[in-house]
Amino acid sequence: MRQVSGHYINGQFVEPNSGAYFESTDPYDGDEWIEIPRGNAEDVREAVESARYAVFEGEWSNATASQRGNYLSQIADRVEAKADELIDCEIRDTGRPKNEISGAIRALPAWYRYYAGLANKIQGETIPNDGTAEVYTRKEPVGVVGAITPWNASTMLATWKLAPAIAAGASVVLKPDERASAAVLTLASAIDETGLPNGAVNVVTGFGEEIGSPLVTHDSVDKVSFTGGPKTGATIAEQAGRNLKPTVMELGGKSPNIVFGDANLNNAAEGVIDGIFNAAGQFCAAGSRVLVQDEIHDEFVDELVNKADGLVLGNPRDEVTDMGPLASQAQFTQIDQYVTKAQEAGARLEYGGGPPETTLASDLFYEPTILSDVDPDSTLAQEEVFGPVLAVIKFSTESEAVRIANQTDFGLVAGIWTGDAQRGPRLSTKIRAGTVWINTYRMIGPQYPWGGVKHSGWGRENGKSAVDEFLETKTVFMEYGETGAE
Ligand code: NAD
């Protein structure tokens, strides 16, 4: 079994203070393939101290904006060079198929390059003064960022925090999820190879309850940026609030795809299928509800079943695989319970509903599952399943579709499928979500702001405004007087 070289603290890979490691398991073959350092509060303290020194006193605090941009460009190059290793780590940790993980990893350099370009375009403003002062604002790094990320797309979600934070000149202590830390430590080694000043980026691995809380509550952490589930988010927001720390929260979703009778039904069905069964539904933007107009309901459900039947379940390393195993037994059990309860509540099973009949290497495979006649108020339509389960809900009018779409606590993303050029933009103003896609789904990029409303979170990642999350504004007044020396 491989063992990673340690936490990444102050520019070094170091042994955990406890000396303890834990295994990470490949969900496809059950192989405990790598040992990860089990961090404790002492490791967190060392990482935060190193980050604090870096951002306020050390070499990092003196790096110019253009130098920060240069580091980001170099990180992009190093990530590109390590892409195969990163892809391998993520497949082993999550079971996500190679064809989708490869795309995500090969896109990462674009994020670092986008923020490389932004780094020396961060600027304040000059403000008119009614007296004899020159008044201007400076944009300064927020200080130390405590970043916590989930397992489902570990290096992508880490990148969404690291790249803008580096552009802003902040320093980061990142805690990846315990189920998917290997790829993030590989990312740390890519960053290390650029010679980024010590302490600007630190990675401490371990369990949420053991190191998450010490990180969130540490006096020297100035801002918390969290991506994960709403329950954990609420705990972290409460702890951060009690310690008067601002937060960014990127949480879950119960996102709707709304399909109107006038849509191109083949495109819509492809978008809906990809939107829920990609990553076996284990991603925040999963389109887990599909709202279908009554006039096309039966025909469209048949088309969804057809397409679900064509998905290939298998070894995530095979290029042809569409769906790998679920990431863990806990995921499997939770998803299966949702499906059973939905049927008890009156939903009709159209496809799937359990493990596939064909023999596969792992017991963690779950069929793509489609349930129709789902009550919009039922548990299946309200709670995030985080698995390959699609809830079909019928509607008749545009206003009913909007009402059902908004009828959950979440508000991350939504898809609208229609042939009416005015309907999409009209509905996009009424749907409460951070992103609305019209006749497409899952389009993301470094330049497009990302985030949620309601219980899907607050604050934005990606786009120009993500840098603002890691900056403070300082106002400077410079009195020059009525007259000078004549
Ligand atoms: P999770 O909330 O269980 O874990 C996320 C992180 O929080 C992990 O690093 C975990 O170790 C840590 N953690 C757990 N308990 C903690 C505590 N008490 N204090 C501090 N940290 C703690 O989430 P998950 O199961 O890994 O991820 C799935 C969730 O993430 C889903 O809800 C999904 O929708 C959401 N997600 C959101 C986005 C987004 O951009 N909005 C992206 C990906 C995933």
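Residues of the range 408-433 that are in a loop (DSSP other than H, G, I, E, B) and away from the ligand (no atom under 16 Å from the Cβ): 418, 419, 420, 421, 422, 429, 430, 431.
Within the range 469-486, if we keep just the residues that are in contact (Cβ under 8 Å) with a residue 24 or more places away in the chain and outside any strand (DSSP E or B), the residue that is farthest from residue 145 (Cα to Cα) turns out to be 482. Against the criterion of being open to solvent by 10 Å² or more (accessible area, probe 1.4 Å), in the same structural domain as residue 86 (by TED's automatic domain parsing), within 16 Å of the ligand (Cβ to nearest atom) and not polar (S, T, N, Q), residue 176 does not qualify.
When the range 218-234 is filtered for residues that are part of a loop (DSSP other than H, G, I, E, B), near the ligand (Cβ under 7 Å from one of its atoms) and either open to solvent by less than 10 Å² (accessible area, probe 1.4 Å) or within 26 Å of residue 200 (Cβ to Cβ) (or both), only 228 remains. Selection of the range 157-173 for residues being away from the ligand (no atom under 15 Å from the Cβ) and part of a helix (DSSP H, G or I) yields 165, 166, 167, 168. Residue-level analysis places residue 311 outside the set of residues that are open to solvent by 10 Å² or more (accessible area, probe 1.4 Å), assigned to a strand (DSSP E or B) and farther than 20 Å from residue 252 by Cβ.
Evaluate the following for residue 207: is it within 12 Å of the ligand (Cβ to nearest atom) and closer than 30 Å to residue 425 by Cβ?
Against the criterion (within 12 Å of the ligand (Cβ to nearest atom) and closer than 30 Å to residue 425 by Cβ), residue 207 does not qualify.
Which one of these is in contact with an Asp or Glu (Cβ under 6 Å, 6 or more places away or on another chain), of a type outside the set (Lys, Arg) and more than 15 Å from the ligand (Cβ to nearest atom): 274, 262, 294?
Values: 274 fails: in contact with an Asp or Glu (Cβ under 6 Å, 6 or more places away or on another chain); 294 fails: in contact with an Asp or Glu (Cβ under 6 Å, 6 or more places away or on another chain).
After ruling out the rest, the residue left standing is 262.
So if I check each of 409, 377, 336, which one is of a type in the set (Asp, Glu), under 24 Å from residue 440 (Cα atoms) and out of contact with any strand residue (DSSP E or B) (no Cβ under 9 Å at 6 or more places or on another chain)? Just a single option satisfies the conditions, and that option is 409.
The values are calculated or read from the model by the stated rules, or taken from the named source; none is laboratory data. Just so we're clear, the structure is a prediction, and the values are computed from it rather than from any experiment. Glycine gets a Cβ as well: all are built from the backbone with ideal geometry, and neighbour counts include every protein chain shown. Accessible surface is based on the protein model in full, side chains and every heavy atom, while ligands, DNA and RNA are left aside. Shrake-Rupley method; radii C 1.70, N 1.55, O 1.52, S 1.80 Å.
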